[in-house]
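Heads up, the thing below is written out as structure tokens.
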Amino acid sequence: MYLKIFCALELPLMGMRLTKETNSESFEHDSENVYEWMWLTLKNLPFALNVSREHGWAGIDDETESTATTEGLNTLVKPGPVYFFGWDRSTDSYIDELPDWLPQVVADRLDMDVFVYNGRRSVEIPDCVPAAIIRPHQKR
């Protein structure tokens, strides 16, 4: 099972919103050429969440990146959808099921729709039809 959202927030800001009952040490953020990810530790969740996406910088050529203004670069960067899945970091293994309460917590804390998928995420194939779409409780 995995979750998907469409969010342009920077992952560290997203991490702070999602771990608000703990502290900024509750998540780790990193990136490489195409992807960025963070590990989240949430209260009442016995495993970590891997939160990842294509960061959007891979398609910007070096010349543009070195000559464009910060504002110009920000208009060019188009991050991909954000994916959430469970991971047991002590055994380095995928968690097949996420708790029923988790999609609603993500929806409410980020104030956006959360798409819930059965199975495992594969970058090789497109996402299927979501099993559910969870909407935030608060008004937008």
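If you take the residues in region 102-134 that are of a type outside the set (Val, Ile, Thr), open to solvent by 100 Å² or more (accessible area, probe 1.4 Å) and out of contact with any strand residue (DSSP E or B) (no Cβ under 8 Å at 6 or more places or on another chain), which one is nearest to ASN44 (Cα to Cα)? For region 102-134, the residue satisfying everything is ASN118. Figure legend. Inter-residue proximity from region 111-122: first residues touching a residue at least 12 places away in the same chain (Cβ under 8 Å), second residues part of a loop (DSSP other than H, G, I, E, B) and polar (S, T, N, Q), beta-carbon distance below 9 Å, spacing 6+ or different chains. Indicated pairs: ASP111/GLN138. Considered as a group, the residues in region 1-50 that are open to solvent by less than 40 Å² (accessible area, probe 1.4 Å) and of a type in the set (D, E, K, R) include one that is modelled with the highest pLDDT, and that residue is LYS4.
The values are calculated or read from the model by the stated rules, or taken from the named source; none is laboratory data. In this text the structure is predicted, and so the values were computed from the model without any measurement. For neighbour counting, all protein chains shown are included, and Cβ atoms are generated from backbone atoms with ideal geometry for every residue, glycine included. Just the protein is used for accessible areas: all its heavy atoms, side chains included, with ligands, DNA and RNA removed. Shrake-Rupley method; radii C 1.70, N 1.55, O 1.52, S 1.80 Å.
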